[in-house]
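Enquirer: Here it is, the structure, as structure tokens.
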Amino acid sequence: MKNLNSAVVSIDTTHPMPKVLIVDDIADARWVLTNLMRIEGLTSVEADSGGTALNAFCQEPPDLVLLDVGLPDMDGFEVLARLKAHDKTIPVVMITANGNTMDAVRAIRCGAFDYMAKPFNNQDVALTVRQALAESEEKRQVRQVRESSRQGESLMKKMGPSAAIQGIQTEVDRVASTNFSVLVTGESGTGKELVSQAIHARSLRVLPPTEN
């Protein structure tokens, strides 16, 4: 395995716009929030009841939920509980026509990101949504790095504790923190793919194809 001090290849990855699920039984409220999300460069899906919201969530999970407390078929807090049971990481912003302090406290305790009362300020809603999405993305990246790290440790353990493998481990740790391109060489079946995966697990680089 050796380093190649070559030019860094830039990879342009197109990410889809974050999607917001808007849950409110009042059509005018959904219209306002939908247009506000569009202005913010976000896509949105509307639901006029808790059941509709849960079905939409299961079919195509959004990145964030704007959830009204007063729904015709079930309490908004019940919807929140079901959403969190399905995906505890989903950020949910509760919205209600009743600015009740106890409801706000309950929403946060139940896992909501924030709680807003109607009539809301559009700028406040936009700011809260952006903060929720940013925090959610940051947490997702942390989980991804931690998971990759655990996978990397497992991969190296599969190769055994010999002195040769320990030397490869040292090389992996050294190059993973750099921006150098890395060429992994060796005969078929000698573990080139495991080494490449271990490097990838310890860095944020894109995993290159292995050489057969």
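Enquirer: Just for the range 78-114: of the residues that are in contact with a Gly (Cβ under 9 Å, 6 or more places away or on another chain) and in a strand (DSSP E or B), which one is modelled with the lowest pLDDT?
Expert: Ranking the candidates gives 96 first.
Enquirer: OK, next. Consider residue 85 against the criteria (1) loosely packed, with under 15 Cβ neighbours inside 10 Å; (2) touching a residue at least 24 places away in the same chain (Cβ under 8 Å); (3) among the hydrophobic types (A, V, I, L, M, F, W, C): it satisfies all of them except one. Which criterion is unmet?
Expert: Going through (1) loosely packed, with under 15 Cβ neighbours inside 10 Å; (2) touching a residue at least 24 places away in the same chain (Cβ under 8 Å); (3) among the hydrophobic types (A, V, I, L, M, F, W, C) one by one, residue 85 breaks only (2).
Enquirer: Of the numbered conditions (1) modelled with pLDDT of 70 or more; (2) surrounded by 13 or more Cβ atoms within 10 Å (Cβ to Cβ); (3) within 23 Å of the chain's Cα centre (by Cα), residue 148 fails exactly one; give the number of that condition.
Expert: (1)
Enquirer: From (1) at pLDDT 90 or above; (2) within 22 Å of residue 49 (Cβ to Cβ), pick out the condition that doesn't hold for residue 128.
Expert: Here residue 128 clears every test but (2).
Enquirer: Any chance the range 23-38 includes a residue that's part of a strand (DSSP E or B), in contact with a helix residue (DSSP H, G or I) (Cβ under 6 Å, 6 or more places away or on another chain) and of a type in the set (Val, Ile, Thr)?
Expert: So in the range 23-38, the residues part of a strand (DSSP E or B) come out as 23.
So of that shortlist, the ones also in contact with a helix residue (DSSP H, G or I) (Cβ under 6 Å, 6 or more places away or on another chain) come out as 23.
With of a type in the set (Val, Ile, Thr) added as a condition, the list becomes 23.
Yes, the range 23-38 contains at least one residue that is part of a strand (DSSP E or B), in contact with a helix residue (DSSP H, G or I) (Cβ under 6 Å, 6 or more places away or on another chain) and of a type in the set (Val, Ile, Thr).
Enquirer: Given 139, 157, which one is more than 23 Å from residue 90 (Cα to Cα), at pLDDT 60 or above and among the basic types (Lys, Arg)? Break it down stepwise before answering.
Expert: Numbers: 139 fails: more than 23 Å from residue 90 (Cα to Cα).
When all the criteria are applied, what remains is 157.
The values are calculated or read from the model by the stated rules, or taken from the named source; none is laboratory data. All values reported here derive from a predicted model rather than from experimental measurement. Backbone-built Cβ (ideal geometry, glycine too); neighbour counts: all protein chains shown.
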